[in-house]
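This report refers to the structure that appears directly beneath it.
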Amino acid sequence: MLPFKLVYHERYDLNLGPHVFPSQKFRLIYEMLLRKGIAAPQDFLRPNPASDEDILRVHTADWVHKLKTGALTASEVMKLEVPYSKELVEAVWLAAGGTILAGQCALRDGFGANLSGGFHHAYPGHGEGFCAIHDVAVGIRKLQADGAVKKALVVDTDVHHGNGTAVIFRNDSSVFTISIHQENNYPADKPPSSIDLNMADRADDDEYLGVLIPMVQKALDEFQPEIWYLKKRAAEEFQWRRHSPAATRGGLRTPFKSTSTQLWPPRKWLANTLKAHRYVSCTRQT
């Protein structure tokens, strides 16, 4: 039995079929954790959907109404890049509820993980890049509203810049945001995070971790958050190889290595850090 809880719901799957966003991944991760004996059934918690009140702390009433009634314009669906459906709405409300629950677990146990979530391209009034609702922002606002935390740190290690995160928290001194991402990649418009670490193609593990770990440690030491959220992906290596212009010249040379080729954060550093800081992991695999 694990000393912390994992959060999962079978309705995280949007049942999209063949799609660039393979939503069956959440179920596959859950099954793999059980199959390999990494986790047992009692290690998982089943979330409730976030309430509309929770969602409205981050998103506009107009955007919430459009999602719940299917009143999105063709342009809004195009930006979202996934077909609109009732299953989509159910899944993202559940993902937000899962991240709320993972944060509550982290406050109790020191660590919590949601197998969905990390939808960092969602803006207050629209969705982008497979992201309709910004579950991490919803989770932070819920804990703040409950008086459970005052300050939070968001560390985004996705290959893509966390544009929605940057916009949501840009004028908020209670949330510090770090995004490490491939500079020459989506999105074209990258609004500033508190700290942006723009990595070039072909940056290797040592360069990546040499930039990221000191910056995260500095933020933890100086900002002193009561909780921090890591948004990561398990398919980072594939994404860097597929999208980097450098990867199309001379074969598949690794332009950037991240969470798929090694455990991040490194175990020793994370173990020491968790002694003093509560930590939430939200994993979005594309």
Can you say whether V7 is modelled with pLDDT of 95 or more, over 24 Å from D189 (Cα atoms), of a type in the set (V, I, T) and within 21 Å of the chain's Cα centre (by Cα), as far as the supplied structure shows? yes
Within segment 56-65, can one find any residue that is over 27 Å from F169 (Cβ atoms) and either in a helix (DSSP H, G or I) or touching a residue at least 24 places away in the same chain (Cβ under 8 Å) (or both)? no
Restricting the first residue to segment 197-212 and requiring it to be among the polar types (S, T, N, Q), which pairs with a second residue that is loosely packed, with under 15 Cβ neighbours inside 10 Å and assigned to a loop (DSSP other than H, G, I, E, B) meet a Cβ separation below 8 Å and a spacing of at least six or different chains? N198/E183
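Name the single residue that is surrounded by the fewest Cβ atoms within 10 Å (Cβ to Cβ) among those in segment 84-115 being charged (D, E, K, R) and under 16 Å from I133 (Cβ atoms).
Pass one, segment 84-115, residues charged (D, E, K, R): 86-87, 90, 108-109.
Right, trim to under 16 Å from I133 (Cβ atoms) and you get 86-87, 90.
Details: K86: 9, E87: 15, E90: 15.
Selected residue: K86.
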So, in segment 208-230, of the ones that are part of a helix (DSSP H, G or I) and among the aliphatic types (A, V, I, L, M), which residue ends up farthest from V280 (Cα to Cα)? V211
Tell me which of these P47 doesn't satisfy, since it passes every other one: (1) under 24 Å from G112 (Cβ atoms); (2) modelled with pLDDT under 95; (3) assigned to a loop (DSSP other than H, G, I, E, B). (2)
Just one listed residue, out of D13, D52, is closer than 25 Å to Q144 by Cα and of a type outside the set (G, A, S), and it is D52
Just need a number here: residues in segment 52-83 that are acidic (D, E) and closer than 14 Å to C131 by Cα. 2
A careful count of residues in segment 169-207 that are crowded, with 21+ Cβ neighbours inside 10 Å and either in a helix (DSSP H, G or I) or touching a Pro at 6+ places or on another chain (Cβ under 7 Å) (or both) gives 1
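Any chance segment 116-136 includes a residue that's of a type in the set (A, V, I, L, M, F, W, C), more than 25 Å from W63 (Cβ to Cβ) and surrounded by 24 or more Cβ atoms within 10 Å (Cβ to Cβ)?
Residues of segment 116-136 of a type in the set (A, V, I, L, M, F, W, C): 119, 122, 130-133, 136.
If we keep only those that are more than 25 Å from W63 (Cβ to Cβ) too, we end up with none.
The answer is no; no qualifying residue exists.
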Of the conditions (1) surrounded by 13 or more Cβ atoms within 10 Å (Cβ to Cβ); (2) on the phi < 0 side of the Ramachandran plot, P214 fails just one. Which one is it? (1)
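When you scan segment 131-149, do you find a residue that is assigned to a loop (DSSP other than H, G, I, E, B) and either in contact with a Lys or Arg (Cβ under 8 Å, 6 or more places away or on another chain) or among the aromatic types (F, W, Y) (or both), even just one? Quick ask: steps written out before the conclusion?
So in segment 131-149, the residues assigned to a loop (DSSP other than H, G, I, E, B) come out as 132-134, 146-149.
Add one more test, that the residue is either in contact with a Lys or Arg (Cβ under 8 Å, 6 or more places away or on another chain) or among the aromatic types (F, W, Y) (or both), and what stays is none.
No, because not a single residue in segment 131-149 is assigned to a loop (DSSP other than H, G, I, E, B) and either in contact with a Lys or Arg (Cβ under 8 Å, 6 or more places away or on another chain) or among the aromatic types (F, W, Y) (or both).
The values are calculated or read from the model by the stated rules, or taken from the named source; none is laboratory data. A quick note: this is a predicted structure, and the numbers were derived from the prediction, not measured. Glycine gets a Cβ as well: all are built from the backbone with ideal geometry, and neighbour counts include every protein chain shown.
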